[in-house]
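Written out below as structure tokens is the structure these notes cover.
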Amino acid sequence: MKKIARRSLMLGTAAVLAAPAIPRAQATAVRWGEMLAPTHPQVQMIDRIAAEVREKTGGRIAIQSFPNGQLGSGRDMMEAVSAGALQMTTDGAGALAALLPALSVIEAPYLWRDAAHMAKAAGAPQFRRMNDDLVARRSMRLAAVTYYGKRHLTTGSKQVRTPADMAGFKLRVPPVDVFRAMAEAWGAVATPVNFNELYLALNQGAVDGQENPLPTIQSGKFFEVQKFLVLTEHIITPRLVIVNENFWRGLRNADRDVLEAAIANGAKWQDQELLGQEASLVATLRGAGMTVIEPDVAAWRAPVLARVPQRFAQVWGADTFEALRAL
């Protein structure tokens, strides 16, 4: 009996060893591309989202951020998300308008009163319609609206206080039609320059000035090549979390809920972090040698509102600008 038992045990062990191994469930890899540096709160937001998702899914979803444009330009990454080659990215509404022109209204000048007002965009029916169009036409959706900051003007040797001072002024703007129209409404010469070439363009005088949120002015060290900071507050800039639709729908319902909640938590943290930075950066930039000008913002707003919403009404949809402004 002992021999039979021993033989049976050996045969059983051999059968177990010969059986094919049952593979462990692999984590769902999520690549999230970003143009900004790892020190920017937007990238730190991604890392916070990744940590929360990893914890709450037991490692089933692994998000990895690729900052500093490692995966290409903003346009490259948006196209990759649309094609499904990349799962997520973050970019501005004006840039995303290259794929869905109506979205440029979210980054229109003098639209939002403050960050809280802009945050209401995600719940607006106009925004939901645009999101539905983006899903239908480009196979990607907007998972969140995040705050990027109030945009202000900086200038080199010329002191600027009113739009009348902008005649002939070469103002660097992103390659976005709405930004060009805004600059032209002030009488400036809109001059598109890639962001990674902007510091050199300012230093060499290829452009007279630029416009960006305070954290970007600080992190880009534009105070080294710009003398004046003009607090025009002309655009409250959103950045949009963009996700491939097929990837999104392919997640388990529970995992999608976890990711959605983590994105909301991360966006809330990032918004507060940037607002906190903005509160102290005027003094920081003044201390770095910039002369701070507090202009009459109404004088800058008037020519823009007189021209830009009307010019883009057909693209945005009738009354869309005013409906969002009234939220």
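Taken as a whole, the condition of being open to solvent by 30 Å² or more (accessible area, probe 1.4 Å), in contact with a strand residue (DSSP E or B) (Cβ under 6 Å, 6 or more places away or on another chain) and within 22 Å of Met140 (Cβ to Cβ) does not apply to Gly92. Each residue in the range 174-211 was checked for being at pLDDT 95 or above and in a strand (DSSP E or B), and 6 of them qualify. For the range 122-168, residues that are touching a strand residue (DSSP E or B) at 6+ places or on another chain (Cβ under 8 Å), surrounded by fewer than 22 Cβ atoms within 10 Å (Cβ to Cβ) and in a loop (DSSP other than H, G, I, E, B) total 6.
Considering Ala254, Ala306, Ala299, Ala262, the condition of being modelled with pLDDT of 95 or more and closer than 19 Å to Gly123 by Cα is satisfied by Ala262 alone.
When you go through Tyr147, Tyr110 one by one, which is the residue that is in contact (Cβ under 8 Å) with a residue 40 or more places away in the chain and under 22 Å from Gln44 (Cβ atoms)? The unique qualifying residue is Tyr147. Scanning the range 175-206 for residues that are over 14 Å from Leu153 (Cβ atoms), free of Cβ contacts under 8 Å to residues at least 24 places away in the same chain and open to solvent by less than 40 Å² (accessible area, probe 1.4 Å) gives a single hit, Val193.
The values are calculated or read from the model by the stated rules, or taken from the named source; none is laboratory data. Remember, it's a predicted structure, so these values are computed and weren't measured experimentally. For neighbour counting, all protein chains shown are included, and Cβ atoms are generated from backbone atoms with ideal geometry for every residue, glycine included. Keep in mind that these areas ignore ligands, DNA and RNA; they rest on the heavy atoms of the full protein, side chains included. Shrake-Rupley method; radii C 1.70, N 1.55, O 1.52, S 1.80 Å.
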